[in-house]
Amino acid sequence: MNAYVNEKDGVFPSVCSLDCPDMCSLLVHKKDGKIVKIEGDPTHPVTQGAICNKVRNMPARIYDPARLQYPMKRVGAKGEGKFARISWEEAIETIASNWRRLIDSHGAESILPYSFYGNMGSLNAEGMDRRFFHRLGATRLDRTICQAAGTVGYGYTMGGSFGINPEETVESKLLIFWGCNAVSTNMHQVMLAEKARKNGAKVIVIDVHKNQTGRWADWFIPVLPGTDAALALGIMHILFAEKLVDEAFLRENTVGYEELRSHVQSYDPATVSDVTKVPVEDIYKLARMYGTTSPAFIRIGNGPQHHDNGGMFIRAVSCLPALTGQWGVKGGGAIKGNSGYAAMNSYALERPDLQPQRTRRVNMNQLGEALLELDPPVYSLFVYNCNPAVVAPEGEKVRQGLAREDLFTVVHDLFLTETAKYADIVLPASSSFENLDLYTSYWHFYMQLQQPVIERYGESKSNTEVFRLLASAMGFDEAPLRDSDEEMIRQLLNYPQNPFIKGIDFETLVENQFVRIQGDSRAFFAGSLPTPSGKIELYSKQMEKAGYSPLPVYVPIKEKETYPLLFVSAPNHNFLNSTFSNNEKHAALEKLPRIYMHPDDANARGVVHGEKVRVYNDRGECELTVFVGDNVLPGVTVTQGLWSNTTGTKQLVNSLTPSRLSDMGGGATFFSARVEVERLA
Ligand SMILES: Nc1nc2c(c(=O)[nH]1)N[C@H]1C(S)=C(S)[C@@H](COP(=O)(O)OP(=O)(O)OC[C@H]3O[C@@H](n4cnc5c(=O)[nH]c(N)nc54)[C@H](O)[C@@H]3O)O[C@H]1N2
Ligand SMILES: Nc1nc2c(c(=O)[nH]1)N[C@H]1C(S)=C(S)[C@@H](COP(=O)(O)OP(=O)(O)OC[C@H]3O[C@@H](n4cnc5c(=O)[nH]c(N)nc54)[C@H](O)[C@@H]3O)O[C@H]1N2
Ligand code: SF4
Ligand SMILES: [Mo]
């Protein structure tokens, strides 16, 4: 198994572990036992030899002198960042003794794990950690920060995370990127679109910001943040009115199309234009292009879903390909997410049965409230694969909570992140290149095994190793807490319920650099969708039961209008969420944290291009550099990137974002924020 690690020189197969839909297959070049170069695997049908700049520069991160090498304990104030080296024995014993003390005095629910997908590997993201915290009886975390609202909204229409195979989009004639900054966040979808374009396809981008993806489009349509559901309903209005719908497809494959037909009459183009700021003639042009071009594909992005009404937006837009029958056409349809095809035995992996009793749950979007207000309180936090001090909303509350003297915090990471600065104990994490793990994409149709290619950096350990050590220190002797990584992968793959992964076992994955998942969206949509009716549900009784409108509707965002400017804090090109924000090379490529403003708004405040300004609301403040231009609508501001602080906390954009939950799935509402901007004193 460790064959690659023992070889000092050569080129070895690997896979990207970052939270990115592309899940690239990589070739890692080693010299003297170290990674010197990373490139894309040219034989992988989706990677096609190309990877992003972030990961081409990954060796700089892997061997960054600031990378954590050994466990440490805090010797300064919380947040100050002063630590002293300790041994693994001392680190694990300190954690175990603190937890025993807390369990005796407050019960195990006073302990809260906090993690996300800093490493997408099945084992290191949701393997031994889940087993351990289940056995411990800790509070459970609802992992809602990314796509929760949209997943629920899409599920109401389609039954699960099933879209088309992106490789088919080379055949599309129209590609709509709806709230998806694909040039930065899904570059291989852009490569596929470029192939389609060579055959005459047109690319439309609908976004609140004419960013790198908007500039690449044939037609960029700016929309007011949080109003996309209205636009989708306006398109439906025109499709029905102008008989651009596929009546035969609707009859055979959907339920509720008659109800939808009369429902969308109220979303006339004039009303929709008022709400969205998209001109009436553009709404007509868009609807007609969509209704008359085949194959037409929609890449549904994460952006519009990070609003109060995010679930309902995805619910609405996922109805469009059914109206035009595009699900039935190769290269037509949509992708919101495709994780459904790769479903595996998560019960066997996570072992919820190890829980002594059902424990309480905390929504990760409300970490600040959980640390400051929850009763009974949280007295210990264990953070891994995540950097909540930077990425979670209501950042001021989060950092106040992390600063609590009576909170015992452990952070396991590769770097001394903002969050780690508040830890009592910091543990060094190995990189994904040092671990065995299994990777599946939430967009393309391949899975891949990562076999370790380099030795552990310093004294670092993988997540699975850390939780095995903790289990043993806590005296837990259940067998699942001792399973090896290989055993866990075998248990995960053992899932005959999912025909798409039939025949894929550990051996297949060792023998092949990547393995195709046998999903076929078209065979699947014909009456056998996992919705209650087996069909696409344009009218959803399930939604009605859950208290929603059974038909898609537009509901405005909830942010009070105390502050005049809408504020969208989206991801940037050279970071992956906050990952890379602390690596010099990546930060230098990104230059500086900006705020894009319309000239009218800048003039009204007397601020000029290139000037540093104070951005504030009741939640907090931020200092960003103004970029004036018409790449945003009046009344809208946009910033990109989750920067770590280099000047106090003044670059942490989540100081300004709400921790309100979205309409569905307890999702995040990062982009439904409002701010004011003023000149620095
Ligand atoms: N380079 C890079 N790649 C990444 C990431 C990263 O940080 N950097 N993050 C990864 C992760 S975890 C995720 S979830 C994905 C996210 O990738 P995407 O699916 O692209 O989602 P976002 O980048 O969050 O937002 C996409 C776009 O939505 C726009 N937007 C915001 N609000 C609205 C709205 O109301 N309506 C419309 N139409 N547009 C709106 C934003 O301006 C942005 O351009 O990317 C992954 N890939
Ligand atoms: N304002 C605003 N906020 C946002 C977003 C936004 O668009 N705007 N996007 C949101 C979205 S979509 C997401 S997904 C979240 C993401 O938020 P996070 O999940 O916090 O993602 P990262 O910031 O990339 O942090 C991941 C951390 O995991 C660490 N890590 C990597 N591999 C391992 C490992 O194997 N073991 C351990 N122990 N640690 C590891 C990395 O070093 C890094 O510090 O942010 C959300 N926050
Ligand atoms: S971050 Fe995305 S595009 Fe870049 S190498 Fe990883 S999977 Fe590929
Ligand atoms: Mo995400």
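The values are calculated or read from the model by the stated rules, or taken from the named source; none is laboratory data. It should be emphasised that the depicted structure is a prediction, and the values quoted were computed from it without experimental measurement. Cβ atoms come from the backbone with ideal geometry, glycine included; neighbour counts cover every protein chain shown.
Regarding Met58, is this residue among the aliphatic types (A, V, I, L, M), within 16 Å of ligand 1 (Cβ to nearest atom) and within 19 Å of Glu168 (Cα to Cα)?
no
How many residues, within segment 624-651, are closer than 24 Å to Gly303 by Cβ and buried (at least 16 other Cβ atoms within 10 Å of the Cβ)?
Summing the residues that are closer than 24 Å to Gly303 by Cβ and buried (at least 16 other Cβ atoms within 10 Å of the Cβ) in segment 624-651 gives 18.
Name the residue, out of Met312, Met289, Met344, that is of a type in the set (A, V, I, L, M) and part of a loop (DSSP other than H, G, I, E, B).
The unique qualifying residue is Met344.
Considering Glu459, Glu478, Glu486, which residue is surrounded by fewer than 18 Cβ atoms within 10 Å (Cβ to Cβ), outside the structural domain of Gly328 (by TED's automatic domain parsing) and closer than 30 Å to Leu642 by Cα?
One residue alone meets the criteria, Glu459.
Among the strands (runs of 3 or more DSSP E) lying completely within segment 25-116, list those that include at least 2 residues that are within 16 Å of ligand 3 (Cβ to nearest atom) and either modelled with pLDDT of 95 or more or surrounded by fewer than 17 Cβ atoms within 10 Å (Cβ to Cβ) (or both).
Because the criterion is at least 2 residues that are within 16 Å of ligand 3 (Cβ to nearest atom) and either modelled with pLDDT of 95 or more or surrounded by fewer than 17 Cβ atoms within 10 Å (Cβ to Cβ) (or both), the strands (runs of 3 or more DSSP E) in segment 25-116 that meet it are 25-31, 34-40.
Which pairs have Cβ atoms under 6 Å, sit 6 or more apart or on different chains, and link a residue in segment 205-233 that is in contact (Cβ under 8 Å) with a residue 60 or more places away in the chain to one that is of a type in the set (A, V, I, L, M) and within 16 Å of ligand 4 (Cβ to nearest atom)?
Within 6 Å, the pairs are Val208/Val568; Pro225/Val568.
Among the numbered criteria (1) farther than 23 Å from Val223 by Cα; (2) in a loop (DSSP other than H, G, I, E, B); (3) of a type in the set (Asp, Glu), which single criterion is violated by Glu623?
Just one mismatch for Glu623, condition (2).
Identify, by number, the condition in (1) closer than 30 Å to Gly527 by Cβ; (2) crowded, with 24+ Cβ neighbours inside 10 Å that Gly127 doesn't meet.
Just one mismatch for Gly127, condition (1).
Of the conditions (1) modelled with pLDDT of 95 or more; (2) surrounded by fewer than 21 Cβ atoms within 10 Å (Cβ to Cβ), Ile501 fails just one. Which one is it?
(2)
I'm checking my understanding of the structure. Among residues of segment 380-395 that are within 16 Å of ligand 4 (Cβ to nearest atom) and outside any loop (DSSP other than H, G, I, E, B), which one is nearest to Trp643 (Cα to Cα)?
Val390
Of the conditions (1) touching a helix residue (DSSP H, G or I) at 6+ places or on another chain (Cβ under 9 Å); (2) buried (at least 20 other Cβ atoms within 10 Å of the Cβ); (3) in the same structural domain as Leu123 (by TED's automatic domain parsing); (4) of a type outside the set (Asp, Glu), Pro428 fails just one. Which one is it?
(1)
Among residues belonging to segment 431-456 that are within 16 Å of ligand 3 (Cβ to nearest atom) and within 29 Å of Asn645 (Cβ to Cβ), point out the one that is surrounded by the fewest Cβ atoms within 10 Å (Cβ to Cβ).
Among those that are within 16 Å of ligand 3 (Cβ to nearest atom) and within 29 Å of Asn645 (Cβ to Cβ), it is Ser431.
Which condition from (1) within 25 Å of Asn302 (Cβ to Cβ); (2) more than 16 Å from ligand 4 (Cβ to nearest atom) is the one that Ala84 breaks?
(1)
Look through Leu551, Leu566 and report the one residue that is at pLDDT 95 or above, surrounded by 20 or more Cβ atoms within 10 Å (Cβ to Cβ) and either assigned to a strand (DSSP E or B) or of a type in the set (Gly, Ala, Ser) (or both).
Only one candidate passes the filter, namely Leu566.
Here are some residues: Asn345, Asn302. Which one is away from ligand 2 (no atom under 16 Å from the Cβ) and among the polar types (S, T, N, Q)?
Unique residue meeting the criteria: Asn345.
If we scan segment 101-119, do we find a residue that is within 16 Å of ligand 2 (Cβ to nearest atom), over 30 Å from Met312 (Cβ atoms) and over 24 Å from the mean Cα position of the chain (by Cα)?
No, segment 101-119 has no match at all.
Is it the case that segment 219-231 has a residue that's in contact with a His (Cβ under 8 Å, 6 or more places away or on another chain), more than 24 Å from Met597 (Cα to Cα) and buried (at least 21 other Cβ atoms within 10 Å of the Cβ)?
no
Of the residues in segment 230-286, how many are small (Gly, Ala, Ser) and touching a Leu at 6+ places or on another chain (Cβ under 7 Å)?
Residues that pass the stated criteria total 2.
Can you name the residue in segment 1-43 that is more than 16 Å from ligand 2 (Cβ to nearest atom) and among the small types (Gly, Ala, Ser) and, of all such residues, is farthest from Asn181 (Cα to Cα)?
Out of the qualifying residues, it is Ala3.
For segment 507-527, check the following and say yes or no: at least one residue is farther than 21 Å from Lys336 by Cα, in a helix (DSSP H, G or I) and under 27 Å from the mean Cα position of the chain (by Cα).
Yes - at least one qualifying residue is present in segment 507-527.
Cβ-Cβ distance below 9 Å, separation of 6 or more or different chains: which pairs start in segment 417-439 with a residue that is in a loop (DSSP other than H, G, I, E, B) and end on one that is among the aromatic types (Phe, Trp, Tyr) and modelled with pLDDT of 95 or more?
Listed by first residue and then by second, the contacts come to Thr419/Tyr114; Ala423/Phe83; Asp424/Phe408; Ser430/Tyr457; Ser431/Tyr457.
Tally time: how many residues in segment 130-152 are of a type in the set (D, E, K, R), crowded, with 24+ Cβ neighbours inside 10 Å and under 25 Å from Leu372 (Cα atoms)?
Going through segment 130-152 one residue at a time, the tally reaches 0.
Considering only segment 514-525, how many residues are buried (at least 18 other Cβ atoms within 10 Å of the Cβ) and not hydrophobic (A, V, I, L, M, F, W, C)?
Total satisfying the criteria: 2.
Looking at the structure I just gave you, is Glu126 more than 16 Å from ligand 3 (Cβ to nearest atom), modelled with pLDDT of 95 or more and more than 25 Å from Ser432 (Cα to Cα)?
no
Can you report the number of residues in segment 117-162 which are in a helix (DSSP H, G or I) and more than 30 Å from Gly519 (Cα to Cα)?
5
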